[in-house]
Amino acid sequence: MSILTTPLLSFSARGQLAKTLVFSGWKGLHTVRQYVIPANPRTPGQIAQRNAMNLVVNAWRYYFTNTVQRTAWTRDADSQPRPMAGYHAWVSNTINRAIADPTANYCYKVEEEPSPGVNMYMLALDDGSIDIEPGNFVCHFGYKPNLLDDQIVDVVKAGGIFNWMHASPIGTTFYFQLRKDGVNRSGICKLTTTFPP
């Protein structure tokens with residue numbers, strides 16, 4: 001490895017030059033080395049991770065496009081200990097689930113119904129279809145986004161709908177999050193009631 005005093009007639013240089021040389025800094029020294037093609041072993045684990053990442057990004061881009069639901073993921077990101085955007089909260093939350101079960105259901109839309117209740121519409125992660133995932137989902141809810149201490153347990157019903165009833169007066173704002181096997185499936189949703197109990 002060469003150590004340079006003024007690389008390329010400048011005080012510093014970084015990056016590759018015509019895929020022949022790579023200039024970099026190391027402990028305050030300017031260095032240059034030969035360009036080598038990065039290794040890409042394509043192990044089964046790497047391929048699974050890349051496929052899952054592709055699945056998660058495409059799901060966000062093509063199926064989970066509802067602005068209100070994306071805001072729910074932003075709200076979820078705001079509750080995390082490290083700063084991140086809603087998209088990053090979505091990716092970090094769904095990537096491991098996509099590896100384990102690409103057909104996992106995630107919430108793409110929330111509506112209040114006159115019963116009074118809340119309908120949470122679910123889609124499969126892999127192809128955006130209404131594919132009912134078996135098993136119990138748990139809806140955690142409360143009056144602050146960081147205090148979701150009440151819960152309801154139920155299954156996703158026909159049409160990919162998770163439904164739960166509430167007895168809150170008109171104008172009550174509450175927050176809720178749908179989980180299955182401890183994995184967030186909805187972000188942190190917000191609803192202000194408009195129907196009487």
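Between residue 85 and residue 42, what's the calculated FRET efficiency when r is the beta-carbon distance and R0 is 25 Å? Round to 0.05.
Values: r = 30 Å, r/R0 = 1.20.
That gives a FRET efficiency of 0.25.
Output the 0 to 90 degree angle, nearest 10, between the alpha-carbon long axis of helix 86-100 and the longest principal axis computed from the alpha carbons of the chain.
Computed tilt is about 90 degrees.
For the stretch 76-145, what is the largest minus smallest coordinate of the Cα atoms on each principal axis, given in angstrom and ordered from greatest to least?
38, 31, 19
So what's the Cα pair-distance distribution over the stretch 44-192, bin width 5 Å, in %?
In order of increasing distance, the bins hold 2, 10, 20, 23, 21, 13, 7, 3, 1, 0, 0 percent.
Amide H to amide H under 5 Å from residue 137: which residues, 5+ apart in sequence or cross-chain, H placed 1.01 Å off N in plane?
Sorted by chain and number, the residues that satisfy this are 154, 155, 156.
For the pair residue 53/residue 92, report the inter-label distance in nm, with labels modelled 7 Å from Cα in the Cβ direction.
1.6
So for the chain, if I pair up every lysine 8 or more residues apart or on another chain, how many of those pairs have alpha-carbons under 16 Å apart?
4
How large is ³J(HN,Hα), in whole Hz, for each residue of the stretch 159-169 in order, when computed from phi with the Karplus curve 6.51 cos²θ - 1.76 cosθ + 1.60 and θ = phi - 60°, using x for Gly and Pro?
x, x, 10, 9, 10, 9, 9, 9, 10, 8, x
Given a cut-off of under 8 Å on Cα pairs at least six residues apart, what relative contact order in percent is computed for the chain?
Normalised by residue count, the contact order of the chain is 17 percent.
Based on the mean of other beta carbon atoms within 10 Å per residue, what is the order of 180-187, 15-22, 153-160, most packed first? Could you put the intermediate results ahead of the total?
Values: 180-187: 19.1, 15-22: 10.9, 153-160: 13.6.
So the order, starting with the most tightly packed, is 180-187, 153-160, 15-22.
Read phi for every residue in the stretch 60-66 and hand back ³J(HN,Hα) as whole Hz from Karplus 6.51 cos²θ - 1.76 cosθ + 1.60, θ = phi - 60°, with x for Gly and Pro.
4, 6, 10, 10, 9, 9, 4
Estimate the FRET efficiency between residue 100 and residue 143 by the formula 1/(1 + (r/R0)^6), using the beta-carbon distance for r and 30 Å for R0, to the nearest 0.05.
The calculated FRET efficiency here is 0.35.
Starting from the 7 Å offset along Cα-to-Cβ, what nm value, one decimal, do you get for the label separation of residue 24 and residue 129?
Taking the simple label geometry, residue 24 and residue 129 are separated by 4.6 nm.
FYI, it's all coordinate maths here, none of it is from the lab. Values in this document were obtained by computation on a predicted structure and should not be read as measured data. All Cβ positions, even for glycine, are placed from backbone atoms using ideal geometry, and neighbour counts span all protein chains on display.
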